[in-house]
Amino acid sequence: MTKRRSKAVRKKAAKRDLQVEEFESRDLGDDIRTAGGLRAIRKTLPTSIVLDQDLVDKLREKAPSAASATRRCSSLSLASTSTNTEGHGGYLMEISKVEAASRLLDTAIRLFFEGADAVAVHSLAAASLNIFSDLAEHGGNSWRAHLGDDSKFSAPEVKRVLNNAWNFFKHADRDPDGTLQFEEIDSEHLMFVAILECGDLQTTSCCMQAFQLWYIAAHPDYFPKSESVFLDAMKVFPGLENLSSGMRIRRGHDFLEEHCPPCAPAE
């Protein structure tokens, strides 16, 4: 049986890049720390703000919820993907890249806090991060590139590391009998970086802002304590880093349900 590992990809004699091997052997959280803690304020757009009620209400009006996105997507049939829907009883959904990435990420966040399947959460998180990063790089620089620059890795090397588990989950053409040693915490890191990417492209959703605050409070050592967003996160989730993983996720779930509940089904 072929075994594929997320922390160390098999060496190919004389062709293995030692830098890539070192990078792949580290937890993604270490690379976040190496990149200066991915400081919450890097460009002109803020990536997180306090979730006051006025903001939450505005976000609910602007951002499509994961529930509404799921309802719309599930109503699509194979016939509706055709360029000609006449006679099929379906309809075409027109959606932008950034909206698709936002829906993927919002859904990943909700599923994560619901304790849903880790493979599904990771796949959604990785897909959204790749879309956001690609869009950001079309207009300039991305947080994905920022990670590579600070860690001294090329763009292909960074993508290979970030997408290692995701590629394993979605392909079976080369290793049908392969297995993977998968660390669920990597999904948290991917969602956080995806939120940073989104924040440089558009206003982040209520779900994204809630997760960002949760992530900072859960991993306070990654961030400079002088940043206002760090203080906000510690106020919203005091003592979160001292709880078990399950309890941390439960706290995040309760906060999300209170401040960013899914929209009610349309009548």
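Read-outs: derived from the displayed coordinates by stated rules, not from any lab. This structure is a prediction, so every number in the text was calculated from the model and none was measured. Neighbour counts are summed over all protein chains in view; Cβ atoms, including those assigned to glycine, are modelled from backbone coordinates with ideal geometry.
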Practice problem: Using 0.36 nm per residue of separation minus the Cα-Cα distance, give me the extension gain between Phe169 and Asp117 in nm, one decimal. | Solution: 17.4 nm
Quiz item: Using the beta-carbon distance between Glu258 and Asp221 and R0 = 22 Å, what value does 1/(1 + (r/R0)^6) give for FRET efficiency, to the nearest 0.05?
Solution: 0.25
Practice problem: Classify region 167-267 as rounded, prolate or oblate, taking a ≥ b ≥ c as the square roots of the eigenvalues of its Cα gyration tensor: rounded when a/c is under 1.5, otherwise prolate if a/b is larger than b/c and oblate if not. | Solution: prolate
Practice problem: Give, rounded to the nearest 20 debye, the magnitude of the charge dipole that region 127-224 has about its Cα centre when Lys and Arg contribute +1 at Cβ and Asp and Glu contribute -1 at Cβ. | Solution: 160 debye
Practice problem: Just flag the GluC sites (Glu not before Pro) in region 96-168 sitting in loop per DSSP whose Cβ has no more than 16 other Cβ atoms within 10 Å. | Solution: Glu114
Quiz item: Based only on Cα atoms, what Rg/Rh ratio does region 102-223 have, Rh being taken as Kirkwood's radius?
Solution: 0.96
